[in-house]
There are 2 protein chains.
Amino acid sequence: MTTTHTIKFLPHNREIKVNDGENLIRAAMEAGVHINASCGGEGVCGKCRVLVEQGQVQGGVSEQISTEDREKGYRLACRSTITGDVVIRVPVESAVDASVLSQRYVPRRTARIRQMDLNDLKEQGLFLPPVEKIYIELPEPDNQDHLPDVTRLVSHLKLHHDEHRLTVSLPVIRKLPDVLRKDGFRVTATLARPVMDSGKTEIVNVQPGDTSDRIYGIAMDIGTTTVYGQLIDLKSGDVLSEHGDFNGQISYGEDVISRIVFAEKEGGLDRLHKVVAETINGIVNRIVRRARVDPDDIAAITLAGNTTMTQLLLKVNPRYIRRSPYVPASTLYPPIRAVDIGLDLRDHVTALVYPAVSSYVGGDIVAGVMGAGLYLDDRLTLFMDIGTNAEIVIGNRDWLACAACSAGPAFEGGGIKFGMRAAKGAIEDFSLDPATWEPMLMTIGNQRPKGICGSGLIIMTAVMFELGLINNLGKFNRDLPTGRIREDNGVWEYVLAWADETQIDRDIALTEIDIENLIRAKGAIFSGCITLLTEVGMGMADIDRIILAGGFGSYVDLEKAMTIGLLPEIDPEKVTFIGNSSLMGAKMSSLTNRIRKDVVEVTRSMTNFELSETMSYMDNYVAALFLPHTDMDQFPRLKERMAQRHGKAKG
Amino acid sequence: MTTTHTIKFLPHNREIKVNDGENLIRAAMEAGVHINASCGGEGVCGKCRVLVEQGQVQGGVSEQISTEDREKGYRLACRSTITGDVVIRVPVESAVDASVLSQRYVPRRTARIRQMDLNDLKEQGLFLPPVEKIYIELPEPDNQDHLPDVTRLVSHLKLHHDEHRLTVSLPVIRKLPDVLRKDGFRVTATLARPVMDSGKTEIVNVQPGDTSDRIYGIAMDIGTTTVYGQLIDLKSGDVLSEHGDFNGQISYGEDVISRIVFAEKEGGLDRLHKVVAETINGIVNRIVRRARVDPDDIAAITLAGNTTMTQLLLKVNPRYIRRSPYVPASTLYPPIRAVDIGLDLRDHVTALVYPAVSSYVGGDIVAGVMGAGLYLDDRLTLFMDIGTNAEIVIGNRDWLACAACSAGPAFEGGGIKFGMRAAKGAIEDFSLDPATWEPMLMTIGNQRPKGICGSGLIIMTAVMFELGLINNLGKFNRDLPTGRIREDNGVWEYVLAWADETQIDRDIALTEIDIENLIRAKGAIFSGCITLLTEVGMGMADIDRIILAGGFGSYVDLEKAMTIGLLPEIDPEKVTFIGNSSLMGAKMSSLTNRIRKDVVEVTRSMTNFELSETMSYMDNYVAALFLPHTDMDQFPRLKERMAQRHGKAKG
């Protein structure tokens, strides 16, 4: 068990419990206590001096603190580690109104992680992998019994295991005679269950002797940027190994549109198909080797990807995906032999490809919906996968509606002056001293800042808005007494870190254009949700829970996302994060045939809205181009906080 | 219309009508009139001198006839062609009892040829090819209609053509987007019907525009020796082109056993698979080119072959076929993509492989049974395919039993001292002068004899037996006053042609060992039939009709075959010949899905007897090792003829 320690911050008189080894400035951030800090935690700006009044911290000593001050107990917060209970005094400028210190504390919190519940599946009797092995001992043929090998196997599976409507593939017919005679007609058959009850079970593989305890499946998420695979033990449901790699197609374009453009060139489709197959094969080989399983025991692979990734893998020309009226070639795919799409798996392995709903709501989203069980739940759920594009699904067991929102790349740092992906040096956390307007920055890896990542952008905007540094249009209050707000080439900005505090030797600032881009992005998503809801006669208030998927969902500060109007205001307890939902759905499908049966019906019943062609969308979008929204009544908690603050500021 | 002429033979006073251009000696053979002849019809032995008493023949003049005799009207019968009514006097040795001339005349006749009745099929509403094309005009997608391409096609086929439960293959998904847009969403879909009603119809191909009048299938018979293919217009049922070729596997062994032996060698199976696929591809390319059809319009290929040929084509190791207890890998095969078995056809072409019953009653026989409609008929039918092996099927709509008889190669000239295949120079017809014991021979191509083919062997043996040259054990009557019966190296024989009358410069003779081999062969087949019948409590007399298949059935003299006990005595009118039944069955399956539905049930319900393991078979076999059989009561017509002759000989 992790030891915890109590930190008391003065003069705020606020206590917080943290794990042993926590960084002091992160603890302050967590406690909602502002400490000036510009260098992201690298300890070079020297601004985050605090006084350790009781107890001891580890580290925090620096050239920037004189021997005398050190002996008094001064330390750099960003270099201090908590190893016991301490009382910390944060120097506060005398100009600061004490009331600021008692501002209502909104803890930073990200979404609760929700694990796929395999046990639920087992308890409900739904742990029914689509492939299964059966070991059987057959009587040997003799002068009284000339049953052909295939008939012998099929009829005894029928007799002793109640297996009906069996079919046998040619590769199995080819193997069977020798396999049967290798171990005295003791044989293990791998059966692939039909998707529909009316279908047939196919014997896809046979092995000599009893190998029925070894059967594996592969789940694969084919992302535009990254591809993840898991090797799953279909007896236990355990993930035996997993691996992710960049999609080899990246060299041919970063987003789906540039991939489609490349695919339209001579030989382009073949190339992109081959490259992603290679990526998948690399991952497959790695997870198979790592788990030390016999490739012959792998019985199925389930693949989920967006519509373009799916078409490229299947070598289906995606050119019409990017042309109005944006129709995909197909949304449903038949079971396909893995070798037929260039996968380095045995002949008998069937590839199951997740169906899509439309050109921009693909199999990855459907996999998420299936994996998260949206379609089985009474609660009205908002499912969001925010990445390069944002896909949203709203609904419950009775209805499902979905749409893709052109959010643009703001959440991944695109279109932001100092935007960057969530990598070391990216500002990911931020607070603001409402008296001095000095920032507290934390970067990934506690380095001097390089830029701003998506989650940092949301936090900054939310904090600045709530404290009045920017207004509900995202414009800076130019009257504030701070040199950090300035005009540069006609664009107003707030300097987060001065050149000498950064890794890039330039001032890092957040500009009004950046904020405008963020507002457009969150507006596109929020208005997408509103549009789906109003089209079915409901509103945001009806939403019972939110499920976040995709990398973005793991680190976004929920309250801040609600403050800027990206998410509707809802009890954060009701927001869960399910990680790579596409991979999760693929894994779930590997474990229960029920999902494969349901998915066809689900995709058929999902109403897809092409937002650009939905009348109400543009109105909703314009109304969402504010912080958080034109209609503050949709954000009652924020409204109350703002009113309180306003009152205090006045009082 | 063919002109016919009347020939009157004297002193027999027998008249016969023949077609214009008939050879005179063949006409005599047909009329049952003996004319001595040893050179097979080449005109060199000069023995067949006849006198043209009225009318004229064309030709027949020879150095062997003096000018004087020529002017009198003497001609060589074997070189004379009938061009008008004539009266012919055959010189008869004075020693000949006139009664011989009035012996009851048994005309030579082969089985009536029975054509597959496509019209019947059409009248019964069974002309339902398993593949079909539908032309459809789809609405184009627009801002209000984003249906994916596949959904668009499927849903409109459902709406306008009542096509339900459609599936789409990956190659079609790949083609569809461009095909749809090539001709304004006017498209022709090729549908493959399921075998079972519960199955799904698959869209296997799509083409731009209306191509629905062009859809073709291929029927292929894969024989051990020869492979035949037909290109069939599935709209009309017409055969557009056909071609046959030697099975390329011949270089690796003449019969199935030697092929299996070769297949067991390293790389042998691959080689044999490849070679027969090449043979098939050669035929396919030829019939496609000859009929000038677009390969894209070929939708299916149906293949029929014996169990070994089938396994070799499908690359399924046949080693256990030749090992007791002789079990095949499978009797049923799933629909297979033609390209997967190395066939040079488009991706979308499905290969339908005829199921087998056992290792030695293969898909070729099943195809025959299906094509001939045995399983639909009330009449008890004996179906025989006599080739290297002889397969027999007995039954009707209620039951079917089958067996393979190890007849040995006697019917193809194997194991016969001067045996040869039915090629030019093979003695194919024979008669015997019961006074002088001189032969009348006719060869294929009217050449000097080279040897004896199967049908000739049967005729000789029947004639010799009926005239008393051999007894019911097949032994020569050594007391007869002719130099043609002699002992050579301890083996008794009858000289058919002296060395100088042959092409091989050796005496051509029929030996007792040859006759013994023939008796064994016919005994194996007859006792096979008896065994099947007695196992179900019936006898030969219950048989309503006989269907002969395979090359052998086309030229065998039915009465002679009954005389030696190869066929049961039955009204020759009730014997029909259906030619290459395997090819016929394959063709029928191309034209009606009904057969494909029925065949699974038929093969399941066919009782296969492994004769070598059936108790009663050996007794039946021993009883059949006589001419025609130990039980003469089974051959009442022959018994009566023999009794009459015996009476005359005595009187």
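Hey, among the residues in region A:330-349 that are of a type in the set (Val, Ile, Thr) and either closer than 27 Å to A:Ala401 by Cβ or within 12 Å of chain B (Cβ to nearest Cβ) (or both), which one's surrounded by the fewest Cβ atoms within 10 Å (Cβ to Cβ)? Step through it out loud before you land on a result.
Step one: list which residues in region A:330-349 are of a type in the set (Val, Ile, Thr), which gives A:331, A:336, A:339, A:341, A:349.
Checking the rest, the ones that are also either closer than 27 Å to A:Ala401 by Cβ or within 12 Å of chain B (Cβ to nearest Cβ) (or both) come to A:331, A:336, A:339, A:341.
Numbers: A:Thr331: 28, A:Ile336: 21, A:Val339: 15, A:Ile341: 20.
It comes out as A:Val339.
Hey, can you tell me all the residues within region A:253-276 that are modelled with pLDDT under 95 and either surrounded by 18 or more Cβ atoms within 10 Å (Cβ to Cβ) or outside the structural domain of A:Leu314 (by TED's automatic domain parsing) (or both)?
Once the filter is applied, which keeps residues that are modelled with pLDDT under 95 and either surrounded by 18 or more Cβ atoms within 10 Å (Cβ to Cβ) or outside the structural domain of A:Leu314 (by TED's automatic domain parsing) (or both), region A:253-276 yields only A:Val256.
Looking only at region B:152-167, filter to residues that are crowded, with 16+ Cβ neighbours inside 10 Å and modelled with pLDDT under 95; which one of those is nearest to the other protein chains (Cβ to nearest Cβ)?
Quick first cut of region B:152-167, residues crowded, with 16+ Cβ neighbours inside 10 Å only: B:152-154, B:156-157, B:163, B:166-167.
With modelled with pLDDT under 95 added as a condition, the list becomes B:163, B:166-167.
Numbers: B:Glu163: 16, B:Leu166: 11, B:Thr167: 6 Å.
Out of the qualifying residues, it is B:Thr167.
I'm checking my understanding of the structure. Among residues of region A:213-236 that are closer than 30 Å to B:Gly199 by Cα and in a loop (DSSP other than H, G, I, E, B), which one is farthest from the other protein chains (Cβ to nearest Cβ)?
Once the filter is applied, the top-ranked residue is A:Leu234.
Considering only region B:215-240, how many residues are small (Gly, Ala, Ser) and within 20 Å of the chain's Cα centre (by Cα)? If you could, list the steps in order and put the result at the bottom.
Going through region B:215-240, the residues small (Gly, Ala, Ser) turn out to be B:217, B:219, B:223, B:229, B:236-237.
From the residues that got through so far, the ones that are within 20 Å of the chain's Cα centre (by Cα) too are B:219, B:223, B:229.
The total comes to 3.
Do we have any residue at all in region A:298-312 that's away from chain B (no Cβ under 13 Å), crowded, with 24+ Cβ neighbours inside 10 Å and assigned to a loop (DSSP other than H, G, I, E, B)?
Checking region A:298-312: at least one residue is away from chain B (no Cβ under 13 Å), crowded, with 24+ Cβ neighbours inside 10 Å and assigned to a loop (DSSP other than H, G, I, E, B).
Check region A:481-492 and report whether any residue there is touching a residue at least 24 places away in the same chain (Cβ under 8 Å), touching a helix residue (DSSP H, G or I) at 6+ places or on another chain (Cβ under 9 Å) and either surrounded by 16 or more Cβ atoms within 10 Å (Cβ to Cβ) or not in a strand (DSSP E or B) (or both).
Initially, region A:481-492 is screened for residues touching a residue at least 24 places away in the same chain (Cβ under 8 Å), giving A:481-482, A:484-485.
Narrowing further to those that are touching a helix residue (DSSP H, G or I) at 6+ places or on another chain (Cβ under 9 Å): none.
Looking for residues that are touching a residue at least 24 places away in the same chain (Cβ under 8 Å), touching a helix residue (DSSP H, G or I) at 6+ places or on another chain (Cβ under 9 Å) and either surrounded by 16 or more Cβ atoms within 10 Å (Cβ to Cβ) or not in a strand (DSSP E or B) (or both), one finds none in region A:481-492, hence no.
Examine region A:257-272 for a residue that is among the β-branched types (Val, Ile, Thr), in contact (Cβ under 8 Å) with a residue 40 or more places away in the chain and part of a strand (DSSP E or B), and state whether such a residue exists.
First, pick out the residues of region A:257-272 that are among the β-branched types (Val, Ile, Thr): A:257, A:260-261.
With in contact (Cβ under 8 Å) with a residue 40 or more places away in the chain added as a condition, the list becomes A:257, A:260-261.
Adding the requirement that they be part of a strand (DSSP E or B) leaves none.
Taking every residue of region A:257-272 in turn, none turns out to be among the β-branched types (Val, Ile, Thr), in contact (Cβ under 8 Å) with a residue 40 or more places away in the chain and part of a strand (DSSP E or B).
When the residues of region B:567-601 are narrowed to those that are within 21 Å of B:Leu533 (Cβ to Cβ) and aliphatic (A, V, I, L, M), which ends up surrounded by the most Cβ atoms within 10 Å (Cβ to Cβ)?
B:Leu567
When the residues of region A:174-188 are narrowed to those that are in contact (Cβ under 8 Å) with a residue 24 or more places away in the chain and within 14 Å of chain B (Cβ to nearest Cβ), which ends up farthest from B:Pro318 (Cα to Cα)?
By that ranking, first place goes to A:Val187.
Output yes when any residue across region B:123-133 is modelled with pLDDT of 90 or more and within 14 Å of chain A (Cβ to nearest Cβ), and no when none is.
no
Cβ-Cβ below 6 Å, separation at least six or inter-chain, first residue in region B:218-231 and of a type in the set (Phe, Trp, Tyr), second buried (at least 23 other Cβ atoms within 10 Å of the Cβ) and in a strand (DSSP E or B): which pairs?
If the second residue must be buried (at least 23 other Cβ atoms within 10 Å of the Cβ) and in a strand (DSSP E or B), the pairs left are B:Tyr228/B:Asp221.
Search region A:135-151 for residues being within 8 Å of another protein chain (Cβ to nearest Cβ) and β-branched (Val, Ile, Thr), and hand back the single one that is surrounded by the fewest Cβ atoms within 10 Å (Cβ to Cβ).
Ranking the qualifying residues of region A:135-151, first place goes to A:Thr151.
Quick one: count up the residues across region A:565-618 that are more than 18 Å from the chain's Cα centre (by Cα), closer than 30 Å to A:Ser236 by Cβ and not charged (D, E, K, R).
Number of matching residues: 10.
Of the residues in region A:602-635, how many are within 14 Å of chain B (Cβ to nearest Cβ), surrounded by fewer than 18 Cβ atoms within 10 Å (Cβ to Cβ) and outside any loop (DSSP other than H, G, I, E, B)?
Residues meeting the conditions: 6.
Of the conditions (1) in a loop (DSSP other than H, G, I, E, B); (2) closer than 19 Å to A:Ala192 by Cα; (3) out of contact with any Lys or Arg (no Cβ under 9 Å at 6 or more places or on another chain), A:Tyr326 fails just one. Which one is it?
Failing condition for A:Tyr326: (2).
Does region A:542-566 hold any residues that are in a helix (DSSP H, G or I), in contact with a strand residue (DSSP E or B) (Cβ under 8 Å, 6 or more places away or on another chain) and surrounded by fewer than 20 Cβ atoms within 10 Å (Cβ to Cβ), and which are they? Quick ask: steps written out before the conclusion?
Taking region A:542-566 and keeping what is in a helix (DSSP H, G or I), we get A:542, A:552-555, A:558-563.
Filter once more, keeping what is in contact with a strand residue (DSSP E or B) (Cβ under 8 Å, 6 or more places away or on another chain): A:552-555, A:558.
If the condition is that a residue be in a helix (DSSP H, G or I), in contact with a strand residue (DSSP E or B) (Cβ under 8 Å, 6 or more places away or on another chain) and surrounded by fewer than 20 Cβ atoms within 10 Å (Cβ to Cβ), then A:Ser554, A:Tyr555 are the ones that fit.
Which condition does B:Val327 not pass, out of (1) more than 7 Å from every other protein chain (Cβ to nearest Cβ); (2) buried (at least 24 other Cβ atoms within 10 Å of the Cβ), if it passes all the others?
Exception for B:Val327: condition (1).
How many of the residues making up region A:493-519 are part of a loop (DSSP other than H, G, I, E, B) and either β-branched (Val, Ile, Thr) or within 21 Å of A:Lys560 (Cα to Cα) (or both)? Step through it out loud before you land on a result.
Kept after step one, since they are part of a loop (DSSP other than H, G, I, E, B), are these residues of region A:493-519: A:498, A:502-507.
Next, only the ones that are either β-branched (Val, Ile, Thr) or within 21 Å of A:Lys560 (Cα to Cα) (or both) stay: A:502, A:504.
Selection size over region A:493-519: 2.
Take the residues in region A:181-200 that are under 38 Å from the mean Cα position of the chain (by Cα) and basic (Lys, Arg); name whichever of them is farthest from A:Leu591 (Cα to Cα).
Among residues in region A:181-200 that are under 38 Å from the mean Cα position of the chain (by Cα) and basic (Lys, Arg), the one farthest from A:Leu591 (Cα to Cα) is A:Lys200.
Looking only at residues in region B:192-212 that are assigned to a strand (DSSP E or B) and touching a helix residue (DSSP H, G or I) at 6+ places or on another chain (Cβ under 8 Å), which one is surrounded by the most Cβ atoms within 10 Å (Cβ to Cβ)? Can you show your working first?
Of the residues in region B:192-212, the ones assigned to a strand (DSSP E or B) are B:192, B:201-208.
Still in the running and touching a helix residue (DSSP H, G or I) at 6+ places or on another chain (Cβ under 8 Å): B:203-208.
On the way: B:Ile203: 23, B:Val204: 23, B:Asn205: 27, B:Val206: 24, B:Gln207: 21, B:Pro208: 17.
Per the criteria, the residue is B:Asn205.
The values are calculated or read from the model by the stated rules, or taken from the named source; none is laboratory data. Remember, predicted model here, so these are calculated numbers, not experimental data. In this analysis, Cβ positions are derived from the backbone assuming ideal geometry, glycine residues included, and neighbour counts consider all displayed protein chains.
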